[in-house]
1. Using C-alpha positions alone, give me the convex hull volume of the stretch 4-83 per residue in cubic angstrom.
2. Relative to the longest principal Cα axis of the chain, at what angle does helix 188-198 sit, 0 to 90 degrees, rounded to 10?
3. Sum up the charges of everything whose Cβ sits under 12 Å from the Cβ of D32, counting Lys and Arg as +1 and Asp and Glu as -1, but leave D32 out.
4. Please rank K100, K85, K169, fewest neighbouring Cβ atoms within 10 Å first, as an exposure proxy.
5. What is the sum of charges, Lys and Arg at +1 and Asp and Glu at -1, for the other residues whose Cβ falls under 13 Å from the Cβ of L21?
6. Given the convex hull over the Cα atoms of the stretch 269-313, what projected area results after averaging over all orientations, in nm²?
7. Can you work out the Karplus-derived ³J(HN,Hα) for every residue in the stretch 6-20? Use 6.51 cos²θ - 1.76 cosθ + 1.60 with θ = phi - 60°, whole Hz, and x for glycine or proline.
8. Specify whether the C-alpha gyration tensor of the stretch 147-218 places it in the rounded, prolate or oblate class, a ≥ b ≥ c being the square roots of the eigenvalues: rounded for a/c under 1.5, otherwise prolate if a/b is larger than b/c and oblate if not.
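Nothing in this text is a laboratory measurement; each read-out follows from the coordinates by a stated rule. The structure presented is a predicted model; accordingly, all values stated were derived computationally and were not measured. Glycine also receives a Cβ, built like all others from the backbone with ideal geometry; neighbour counts cover every protein chain displayed.
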Amino acid sequence: MKRILITGGAGFLGSHLCTQLIANGCHVTCLDNFITGSPRNVAHLIGNPNFALVQYDVTNYLHVPGELDAVLHFASPASPIDYLKLPIQTLKVGSLGTHKALGLAKAKGARFLLASTSEVYGDPLVHPQPETYWGNVNPVGFRGVYDEAKRFAEALTMAYQRYHQVDTKIVRIFNTYGPRMRVDDGRAIPAFISQALRGEPITVFGDGSQTRSVCYVDDLIDGIIRLLWSAETMPVNIGNPDEISMLDLATEIRDLTGSKSEIVFKELPEDDPRIRQPDISIAAGRLGWQPHVQRRVGLERTIAYFREALSIA
């Protein structure tokens, strides 16, 4: 039985990884300080002999008894509302936290997988974005605390691979959605769904022409696990190239919820990317991975989760 440690394991993505890896026959230790994650996300796993939940801050000295086959570093605030409120914590978990997690993987002879992000591309000047693109990031802007933390984490991961021969993987995650996202997450899909279900005005930033490519969580988790057990050593984009404007996404969600909410426009935040679409040629060719869940299906599942979370019939 493979033994896996997941930092940030009680977060949105981390909790889905815990669930799937246990279903795959692994023993999973979930590490989380609950700044943005929640024990509720892994409550269904409590009592499972192949699951352990530990409240801990990965930026501190990290030791786990016994053998480990893999360390997955998913600890980090991941939405603008979080990392703008927690800028120092975001930078620390991307730097010190990555250092501690890599050190543990090195000590255990374990495989290491870093959860990076499409935000390393910044406001891209190349479209779609291949892994070879270096990005267009403002290091001193408000969003820089997240973008640069992840860029540093990637550089540190590659240094451990090259200098210490740690078996490392880097996944660049594009906008992902699904059950267990927080209602107050601040990202577009949770905001649009919660506003629509409450009958509140749906807030679109700028004129709504900026695009995102949204990937349902089940597809993303499949891609991450394929990458984890692959021979890939360089960053790999995992995301759905199905690109949509924010105005069209807001309209689609309003229609799917049956809401009568009006759509209102607010000023575009500083350094908000205008476009976002992954080039998934490497994931398709080397991992045999493709997204399968259609956006409408994924949104309907997510809306159903939010109805329950908001206690709206």
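1. 86
2. On a 0 to 90 degree scale, this one is about 50.
3. Numbers: positive: R40; negative: D57.
Surrounding charge for D32 is 0.
4. So the residues, fewest neighbours to most, are K85, K100, K169.
5. Numbers: positive: K2, R3, R111, R226; negative: D69, D222.
Around L21, the surrounding residues sum to +2.
6. Values: hull surface 22.8 nm².
Computing the convex hull of the Cα atoms and averaging its projections yields 5.7 nm².
7. Coupling constants for the stretch 6-20: 10, 7, x, x, 9, x, 4, 6, x, 5, 5, 5, 3, 4, 6 Hz.
8. The shape class here is prolate.
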